[in-house]
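Colleague: My questions all concern the structure below.
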């Protein structure tokens, strides 16, 4: 037992690029003074973003044009896009594939095009086939619409005019941000007019006293991070898709991500929104106050409603001050129970400095090592069953390190972690993050992937993975990772190609299991087209009825297929 | 200049009960080791609550009965309650006083009483005049209804039956929690049936892994704090009224309080609610998950809607782990600009450990010293213009103190603070808090008080106080304090008695000024009866129209007068 502990500790020492906890424990005084320069790295992610993006002016990235500004996530898609025919019905993993276009929606005519050109100018009314192909296709190439028109408004007023007109003509529309969604919510299903927000990408104001940022919805998350970096603040959310996703889309889908465990959800951080309703009415709820208790706080309806109630055009958001000391540990655990216990310990021992707690299992590690170039296992050469990334963010480098080291030492001593390394510099930290953030990309490379984004009670979370493995046997690989600190499992089932027989083994089992354990079938991705008809696994019928009534009251034509039944009842 | 700094530093030394920062700076090593025992105090507020409340079982406090369990806040009201006649129209500070009872609401008859007795049992159907008097009167004795019936349901099902019945009989109801509201929202205006939640006070579950607490709405906040203390967690909110207010009322009014600056608003922390609608339908939105993106998140409609859409019966809430190191500094600043600059510095330098940033001006200090027994100025003998309380909460005593001291030293050096003391033990910390938390009580003792709870951009916040003073001259005392960290000003105008002429000088000026600066006329207290008709100062007409439509759809009879116009249009 003692020997095992020693080995675990030695691993911290042996790993060439990492600093030994073990050594530091033996010589605390000297190590303490040395660690400020050798051990830590300051705000690695923010600084890196700043360097990468210094040339990017907020407001110039038309990410959907897939130009040289494309991010890693984007370029991984390749350039060839398959046939448009039939693809829109490849709604793998969802009964929503059975949806039919409602004939009550009009189809575009030349008068419509003329009207839009009058409002937006020639160049922002796009009918070019290549560009439409991109706007019609989702990032995973699972969902594809057949829209013939892409509009790029530059202002709230233009969006209002577009929607008022579409409403009067009964033209279906789909709002589109960075098109990084994973559930088919950001692309047309049929021939909806795509309204892309990319040109609305200005920062409107930033208050350095309160940390409140007000900006247009088309601002790319990473660009906002870069902007805030110069002001000494950070965004309260961070996602793998940050280089493409837009803040309006983040708000509309209530994006979660890596920092939720520290800064909470967008319902807590978004202070205001401006929204254009389907009839063109502009709702100004763009308060820039931390507190406002004057009647119903309607902005929350639009946070996470996936564009189905209106288009978010501006956002006011509370941003935390940038703290200088960021540290990252990459750890191995022998079983899921240890990961879970480690989380409880981290919340208590790291307390106020804990800023991320992510996990992946050995199949996930295997995948990323085999399919992403340049990625290496931070803990070579043996493979472990579970890996955990713990990030801390604090205002004092020495304090943060002392807390993290004490925590890790204790975790080693009680056997919660079997190995681990601490990033020494920004490059090492980025390479650790690459393992976790590269998983979506790696999954795309191996073939078909059935993706599930589930919220579950933490104790039971991994039971589903094990049951799914037993269920599917050798026919598929079940890969698990996610935001353990938030009880959010990303369950990915990887197969050589999409196969209805496998799908039938996965669904509705995965939803039933989740519902039975009072989980949510969508933790952070939203329902989109994929889960539009599965809402009842997570919402009771009377709650749903009220939601439907609200949609009927607010939305006469917006057609993002949040719920098929709503649309069917309203227009057929 | 140098001399001044020295004097400021000496104050830290001289104040008998406080530890000198100055000394510690001269001898950092010895002070560091000594400070753990002599300097700090561990979780002073939580522990104290535990001691005070160990005998209180959650579920036994009928606070509205004003028995021996009454809190300080309660007992300050005295026992004599004035005439009921006319008092209900003393809606000082609001045009809502002009409201008339709508004759379309029924009046109670003996069949109604029999029905309620059948559902609730004899003893929970209360017609006793003394008890009704208490339920009819708000804490400030500004608002009084004339209800003849107080119901005390024990379950969601009982509330459902009550509401279904009232709905069918067109009987108006008012939900009541701890009745600690300051805007006349928790008492009847006319003869509404009072539905008091006090008997629904059970903890349903607590998950120690995720920190998620599920409980009934009638749990008293302080009792939940006591319960969590035994589990190693804390509530994410803390209010002066904690000994009486109930979690259901907190959620229904979106209560803010002292910890919002650290843990954010209830929109971020409340994970689920169970609600009974006016027609008796129960909406189960009681998810106990940190993330759930499955359609519109309707629970947010009920957070802060002041009971006007339904009665919150159960709450699921995320609770942070209890951190062991709590420190409190009581500081003096020479001007408001210094307070503001100090806040910016505190957010950056104290970062992750900052847990409260409160301010009061010299008139507020004067008031509390003169009118509350046993309160003494933590910074005798000179009076300063502004006072700031800074609380830090962290996981490591030594780290927290080091950060706090470095921050305070720097603030002294650059002249942001002119004096200050650090609490040495829990009793001293409680005495500091008593200055801030005793203000509402002290104001009640001196005569009439016009209370405003405003959210304003922090830079402009105190300008309103100065303008109000100029405006009112010697006729009134303008007293300012509040949650500076959140931009929340509690503006109190104290006069010997209520006077329409003074009111006309205050309103609508205070609302217009707030609106002009894009503030909110209710930061955390809600609209209640007081500001029911002032909503347009903070909400645009089209946003209001949608809210009204929602109320019309959901609520056929609930009558908390959230908005008079809604009620008038619906039933007259």
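Readers should treat all values here as calculations from the given coordinates under stated rules, not as data from a laboratory. A quick note: this is a predicted structure, and the numbers were derived from the prediction, not measured. Neighbour counts run over all protein chains shown; Cβ positions are idealised from the backbone, glycine included.
Colleague: When you look at the Cβ of every residue in A:342-354, what mean number of other chain Cβ atoms sits within 10 Å?
Modeller: 5
Colleague: Among rounded, prolate and oblate, which fits region A:284-434 when a ≥ b ≥ c are the square roots of the eigenvalues of its C-alpha gyration tensor, a/c under 1.5 means rounded, and a/b larger than b/c means prolate?
Modeller: Here region A:284-434 falls in the prolate category.
Colleague: Related question: For B:387-399, what's the mean count of beta carbons from other chains sitting within 10 Å of each residue's beta carbon?
Modeller: For peptide B:387-399, the averaged partner shielding equals 3.
Colleague: Which distance in nm do the two modelled labels at residue B:460 and residue A:106 give, with both placed 7 Å along the Cα-to-Cβ direction?
Modeller: Distance between the two pseudo-spin positions: 4.3 nm.
Colleague: Please order A:357, A:105 by the number of other Cβ within 10 Å, starting at the fewest.
Modeller: Placing the least packed residue first, the sequence is A:105, A:357.
Colleague: Taking the square root of 5 times each eigenvalue of the Cα gyration tensor, what semi-axes in Å does the equivalent ellipsoid of region A:203-318 have, largest first?
Modeller: Semi-axes (√(5λ), whole Å): 21, 16, 14.
Colleague: I've got another one for you. Of the DSSP beta bridges with both residues in region A:448-526, give the percent that are antiparallel, rounding to the nearest 5.
Modeller: Around 95 percent antiparallel, to the nearest 5.
Colleague: Quickly rank A:520-531, A:449-460 as a protection proxy: mean count of other C-beta atoms within 10 Å, highest first.
Modeller: Most protected by this proxy first, the peptides run A:520-531, A:449-460.
Colleague: Additional query: Across the residues of A:443-455, average count of Cβ atoms on other protein chains within 10 Å?
Modeller: Partner Cβ neighbours, averaged per residue: 1.
Colleague: Another question, if that's okay. Placing a label point 7 Å from Cα toward Cβ, how far apart in nm is residue B:501 from its equivalents in the other copies, listed shortest first to one decimal?
Modeller: Once sorted, the set of distances for residue B:501 reads 9.3 nm.
Colleague: Further question on the same structure: What does the C-alpha gyration tensor say about the overall shape of region A:448-526? Classify as rounded when a/c is under 1.5, otherwise prolate if a/b is larger than b/c, or oblate.
Modeller: Taking the square roots of the gyration eigenvalues as a ≥ b ≥ c, region A:448-526 is prolate.
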